Amino acid sequence: MKRHAPATERNREPLLAVLREVLPSEGTLLEVASGTGQHAAFFARAFPGLTWQPTDGDPAALESIDAWRTEEGLSNVLPARMLDASSDRWPVAHADAMLCVNMIHIAPWAACQGLMRGAARVLRPGGRLVLYGPYFVEGKETAPSNLAFDESLRARDPSWGVRELGAVTAEAARHGLQRERVVEMPSNNLTVVFRRE
């Protein structure tokens, strides 16, 4: 049941450094598309005052998340819940912060739209939505690895693909989420922080 993703271990320390600067020290954090559950286990240990709510749209992922939670014995990680980001029916009514790692490029655009609608509904005023992953940035040369990754994603599913940062920012703004900062990360990824007005 417990899954393991090597990329998670590669990106967790750089991402943690950014999270330490932008997440609240207490409250509830909603993680959308928690995947294996490795991030939830690692980050929740670093933020003992935050109650971590992991979610995913894949039942097998929920089993893996809960296996990590049980093995790590973390009291501040809640049982994983089913969440389809593109849907308007979410299992969480309120959150002080949200985290979504490596989802919007491995999902239809409707998932990004749903994520922004959901963040506008769920986040408390001033709450932050933190996204991590690869992006195309207008006016900036794209890394060959991101071009190849985009091509491979679209070959698997034409509705997937590396997203334009400008398009994601515009979608967020439509729902009252203002882009606060963009942090360059290893392997040509970005951490993008939005704040609910």
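The values are calculated or read from the model by the stated rules, or taken from the named source; none is laboratory data. Remember, predicted model here, so these are calculated numbers, not experimental data. Cβ sites come from the backbone with ideal geometry, for glycine too, and all protein chains shown count toward neighbours. We work out accessible area using only protein heavy atoms, side chains counted, and drop any ligands, DNA or RNA first. Shrake-Rupley method; radii C 1.70, N 1.55, O 1.52, S 1.80 Å.
Below are the figures for this structure:
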| item | result |
| --- | --- |
| Among the residues listed as 170, 155, 148, the single one being among the aliphatic types (A, V, I, L, M), within 20 Å of residue 119 (Cα to Cα) and loosely packed, with under 14 Cβ neighbours inside 10 Å | 170 |
| Those residues of the range 1-50 which are under 16 Å from the mean Cα position of the chain (by Cα) and among the polar types (S, T, N, Q), in sequence order | 8, 11, 28, 34, 36, 38 |
| Pairs with Cβ under 8 Å, 6+ apart, first in the range 69-81 and within 14 Å of residue 47 (Cα to Cα), second in a loop (DSSP other than H, G, I, E, B) and open to solvent by 60 Å² or more (accessible area, probe 1.4 Å) | 76/48 |
| Flag for residue 32 being open to solvent by less than 20 Å² (accessible area, probe 1.4 Å) and closer than 18 Å to residue 104 by Cβ | yes |
| Candidate set: the range 1-29, residues that are among the polar types (S, T, N, Q) and closer than 26 Å to residue 124 by Cα; chosen: the one surrounded by the most Cβ atoms within 10 Å (Cβ to Cβ) | 28 |
| Which listed residue, of 177, 123, is in contact with a Phe, Trp or Tyr (Cβ under 6 Å, 6 or more places away or on another chain) and under 25 Å from residue 24 (Cα atoms) | 177 |
| Selected residue (criterion: farthest from residue 85 (Cα to Cα)) from residues of the range 9-44 that are touching a residue at least 40 places away in the same chain (Cβ under 8 Å) and polar (S, T, N, Q) | 11 |
